Each structure stands twice: as C-alpha cells, then as structure tokens.
1. Report, by residue number, each residue of region 47-84 that is modelled with pLDDT under 90 and β-branched (Val, Ile, Thr).
2. Filter region 213-223 down to the residues that are in contact (Cβ under 8 Å) with a residue 12 or more places away in the chain and open to solvent by 60 Å² or more (accessible area, probe 1.4 Å) and list them by number.
3. Kindly check whether there is at least one residue in region 188-197 that is among the hydrophobic types (A, V, I, L, M, F, W, C) and outside any strand (DSSP E or B).
4. Exactly one condition in (1) of a type in the set (A, V, I, L, M, F, W, C); (2) more than 30 Å from residue 166 (Cβ to Cβ); (3) touching a Leu at 6+ places or on another chain (Cβ under 8 Å); (4) open to solvent by less than 20 Å² (accessible area, probe 1.4 Å) is false for residue 102; which is it?
5. With respect to residue 271, is the statement that it is more than 26 Å from the chain's Cα centre (by Cα), surrounded by 13 or more Cβ atoms within 10 Å (Cβ to Cβ) and of a type in the set (Gly, Ala, Ser) true?
6. Give the residues of region 161-212 that are exposed (fewer than 14 other Cβ atoms within 10 Å of the Cβ), closer than 15 Å to residue 68 by Cα and under 19 Å from the mean Cα position of the chain (by Cα), sorted by residue number.
Amino acid sequence: MKIKYEGPRGSVPANYFFAIIVVLLAAGCHSSSTSSESDSSEEVKTPVTVTTVSHTSIDDSIELNATSTFLQQNVVKSNLNGYIIQSNVKFGDYVHRGQALFVLKTKEAAAIGNAVNRLDSSFKFSGVNVIKADAPGYVMQVDHQDGDYVQDGEQLAVISDTRSFVFVMNVPYEDKSFVSIGKHVQLVLPGNEILNGVISSSLPMIDSASQTQQYSIRINTSKSIPRDLIARVKILRNSVQDAQTLPAEAVLTDETQTKFWVMQLINDSTAVKVPVTKGIEKEDKVQILKPQFDPETKILSGGNYGLGDTAIVIVQKPQKAPTDSSTEVKQ
C-alpha cells in the first residue's frame, strides 16, 4: 500500500517528501559545520604596545653607607696635684687651639696661700697653672668641675680633633676594585644634601663577620657635621656614553634569569622571539649588547609577557592625555 500526499497540484509519493526533508537537514548541518570551522580558524590577537631602541649614556654604580666620626680625640689631663679653680668649657663647646680650658692650683699653694710672699717679697709663687687646648675641636666629655681635687695625669675632658673628621665607609671585598685612594665621590646626607669627598685612606684588614674593608672619606666643607651621621655614597662601577638601551619592561627572562629575549615585530601583526645579551641595567633602562637593532625596529614593550614565538598581535596606539582645552565648561 503506497501513501500519497495530496498537494495543491496533485498527489506526490511520501518517499519523495521524506527525501527532500533529509536533503534539507544535511544541507543545514554542512552549513553549521562550515561556520564552526570558520570561527575556529580565526586566531586571537594579543593587544600590545611597541617601542624602539635609544642610544643614551648609562652607568652602573653601587650605594654604600658611610658614618661620620673623628679619627682622633685629645684627652685633656691634669699636670699637677691640686684643685680646679676655674673651668672654661662645657659639653658641646667648640674650642680653638691654644684656648684656656682649665685653671689649676697646687694643693701646696692652696694650703699656704700668700704666706710665703709675706715672708719674702722677692719670692713670687702662685702655684697656678693654665691648661690650654692642643687642637681645635668639640668638647665631647667633661669629667670635673670647679673646686674638684685632681691628681697629676687625671683626665679632665675629651675634645674631638676636627682635623681628623671623616666619613668611614664599609666596602664589600668583592667591590674593593672599584674603590681607590684619591678617588672623588659624592655623599648624600639625610635630606638629600650632597657633599663632595675624596677617599683618603683604608684599613689593611677585613671585618670577619661582614667581609668588608673600611675606607675613610675626607670632605671639603666648613659646615659643622655631627658625629655618627649616616650618608649614602655612590661608587661608579662602569659607564657607557653611547649605549643601546631599551625600557626594562621590553626585556623578558626565564625563571632562572639566565636567558633574556625581546619580542620583535616583523610585520603589522606578527612578533618573533629574539635572544639578547644584557649589559648595564639601571632603574628603568637596560643596555642591549647584542644584537644591534635598527633604530626603526619595533620591540614589544607592553602585552609581551607570556607570548610565544611568532605570536599574532595587534598594536595599540598610545592614548593621549586629555588636555584642558578638550573639556567644555557649561554655564
């Protein structure tokens, strides 16, 4: 028994009807498959920013700490057994060479007073002695005051010798080749005040704990600087006047930081991996020793992290900062 479909133009066999439906379904599936394959063939483009090499001066330096101190101190001592009848100094005073510091009187003179002079007017005996400063400096310590009894050789005060004022810098042994006697350096004090100094001497010994060697730095200034002030000293290791440099973010490295490379744009949308040899690295700049790039070569500086070789990218134009003229003020 054959089933017929009664259409507007007559009867059609049912098997023809079903065959048409199958063809339509197959055509739809093929169209869907083609569309899916087309979508998957479109590669993802990573948005990036680019830069070029520049030729500038760059230097490699280290910063070390240096502490102000006085290498020598003058100890003021009594030169007799007696009493201090006058003290002219106090802690923190600045004294000049030859300035009177203490006036002492022997205990014999204090005991007999002017009795000897009354017995023999030709004999002049006072028993008074004035102790003066041997060198200029600051009074760091005062041990006695007026009326104290002191013995011969007893310490009366301690005065720092300003002629011996230096900054002492601790230099790691591996960096001592960059430090030499007579080398000019700059010291940065707290508050960013800068002083010029010269390395004047060194100790022929190494600190066993820190493996550092001490160097003294003399400064040329009339300004009073306190002891134990810590300054930063910049020591130049190397300097290149015309170095090929890139921004630090353009140079990539592996986990061990032994291999370095950049992503170079070879056409409008393809970036390739180019190994590089680094030189001096300072703040936001890196010197590139090899290879030598053309000034027009475009290097990825943003969006480059994690990209593989021959990556498909899209270069973004840098956004301009808004200006005041572009803002309309409505009244």
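1. Correct list: 62 only.
2. Of the residues in region 213-223, the ones in contact (Cβ under 8 Å) with a residue 12 or more places away in the chain are 213-221.
Result: 214, 218, 220.
3. Keep residues of region 188-197 that are among the hydrophobic types (A, V, I, L, M, F, W, C), which gives 188-189, 194-195.
Now drop any that are not outside any strand (DSSP E or B), which leaves 189.
Yes, there is a match, as at least one residue in region 188-197 is among the hydrophobic types (A, V, I, L, M, F, W, C) and outside any strand (DSSP E or B).
4. For residue 102, the exception is condition (2).
5. Yes: the conditions hold for residue 271.
6. Those that are exposed (fewer than 14 other Cβ atoms within 10 Å of the Cβ), closer than 15 Å to residue 68 by Cα and under 19 Å from the mean Cα position of the chain (by Cα): 190, 193, 194, 196.
Quick grid of which residues meet (1) in a strand (DSSP E or B); (2) touching a residue at least 60 places away in the same chain (Cβ under 8 Å); (3) more than 12 Å from residue 304 (Cβ to Cβ):
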position	(1), (2), (3)
243	yes, yes, yes
249	no, no, no
257	no, no, yes
274	yes, no, no
280	yes, yes, yes
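The values are calculated or read from the model by the stated rules, or taken from the named source; none is laboratory data. Remember, it's a predicted structure, so these values are computed and weren't measured experimentally. Glycine also receives a Cβ, built like all others from the backbone with ideal geometry; neighbour counts cover every protein chain displayed. Ligands, DNA and RNA are excluded from the accessible area calculation, which covers all protein heavy atoms including side chains. Shrake-Rupley method; radii C 1.70, N 1.55, O 1.52, S 1.80 Å.
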